Amino acid sequence: MKSLDQTDKKILSEQLQTLKKETSDIKAQLNQIDEQKESFYSQKEALHQEISKIIVSIKENKAKRDELTAHVKEFKVKKQQLIDIIKKKTEEMNILKKQADDIRKKNNITQSFSDIKKQIKAIQYKIETEVMPFDKEKQLMKQVRELEKELSQSKELNEVYDKINPLGKELSGLRKEADIIHQKIQQIAKESQKKHEEMMGLIKQVDELKKKEDDLYMKYNVAMMHFGEVNAKLKEKLPELSKLYGQLDLQHEEIKKRREEFKKEKEERIERTLEEKKKEAEMKFKSGKKLTTQDILALQSGNDDITN
């Protein structure tokens with residue numbers, strides 16, 4: 001190599017300092033961009049984790065809502081069955097009540113079967129225990145016969161009431177049971193609606209978070225592109241820098257040191273590039289996007305072809 005005079009060395013030294021300054025500035029810019037894109041990625045991952053937890057809650061709410069809705073349907077079936085039975089029993093009751101009214105009107109019955117029996121018993125007791133004129137006793141005996149006739153007519157009515165009374169109690173019990181089921185339906189339906197509203201609120205929350213996640217992902221990709229552009233500028237400067245060091249015929253150890261630094265920096269850049277490509281492939285995998293061969297290699301970490 002031809003030796004340089006002082007003037008040439010001074011010019012080259014100034015060029016070297018300028019280039020070193022430019023290189024240093026580019027490195028600083030790269031570090032800043034790297035921190036920015038890492039921040040975007042970390043925020044996006046945090047949102048992704050939050051969305052995943054909310055989706056678990058949505059599934060739990062949906063499962064509970066569906067379970068409650070199924071119970072509502074079951075109780076509605078039971079309620080309808082009771083309504084059908086009540087309707088049938090009510091029709092039977094109406095028929096019996098009409099029979100009772102017809103018997104009462106036909107025989108002009110004004111007293112109940114038990115009241116007539118009480119009256120007959122009271123008159124008979126009076127006849128047996130009291131001393132009275134024959135005419136009065138005869139009158140009381142006639143009254144007993146009339147009451148016995150009325151009792152005979154009332155017996156048919158009493159038989160109808162023997163059917164009406166238990167049927168009335170049965171209907172009362174059925175209506176009470178139907179009312180209890182109706183209250184259960186309302187209560188469970190209310191709980192089901194509450195779970196549904198909670199689920200819809202969570203779905204809305206997920207939609208909002210996904211918009212933020214997409215925005216961060218876009219910012220991350222923009223930062224990645226910017227990083228690549230600035231990194232390309234750095235690659236252009238490094239050979240120039242190495243050339244100037246050679247022209248200045250610096251000490252061997254310094255040149256070796258510089259080369260080692262450049263080598264280390266290059267390895268770090270390659271490592272960062274690999275990591276970025278791996279992260280990008282992971283995001284595509286998580287979002288269900290189709291993976292390229294380069295993406296698969298990135299996920300396997302470390303194939304040199306990724307950086308070509």
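What follows is calculated from the coordinates using simple rules that are stated; it is not laboratory data. Computed from a predicted structure; not experimentally measured. Heads up, the Cβs are rebuilt from the backbone with ideal geometry, glycines too, and the neighbour counts pull from every protein chain shown.
Q32: in contact with a helix residue (DSSP H, G or I) (Cβ under 8 Å, 6 or more places away or on another chain) and closer than 30 Å to A281 by Cα, yes or no?
no
Report, ordered by the first and then the second residue, all pairs with beta carbons closer than 9 Å, sequence separation of six or more or different chains, a first member in the stretch 197-213 that is closer than 17 Å to E45 by Cα and touching a residue at least 24 places away in the same chain (Cβ under 8 Å), and a second member that is loosely packed, with under 14 Cβ neighbours inside 10 Å and of a type outside the set (A, V, I, L, M, F, W, C).
Nothing qualifies.
Residues in the stretch 202-230 that are of a type in the set (F, W, Y) and touching a Leu at 6+ places or on another chain (Cβ under 6 Å): how many?
Residues that pass the stated criteria total 0.
Sort through K89, K10, K73 and tell me the only one that's charged (D, E, K, R) and in contact with a helix residue (DSSP H, G or I) (Cβ under 7 Å, 6 or more places away or on another chain).
When all the criteria are applied, what remains is K89.
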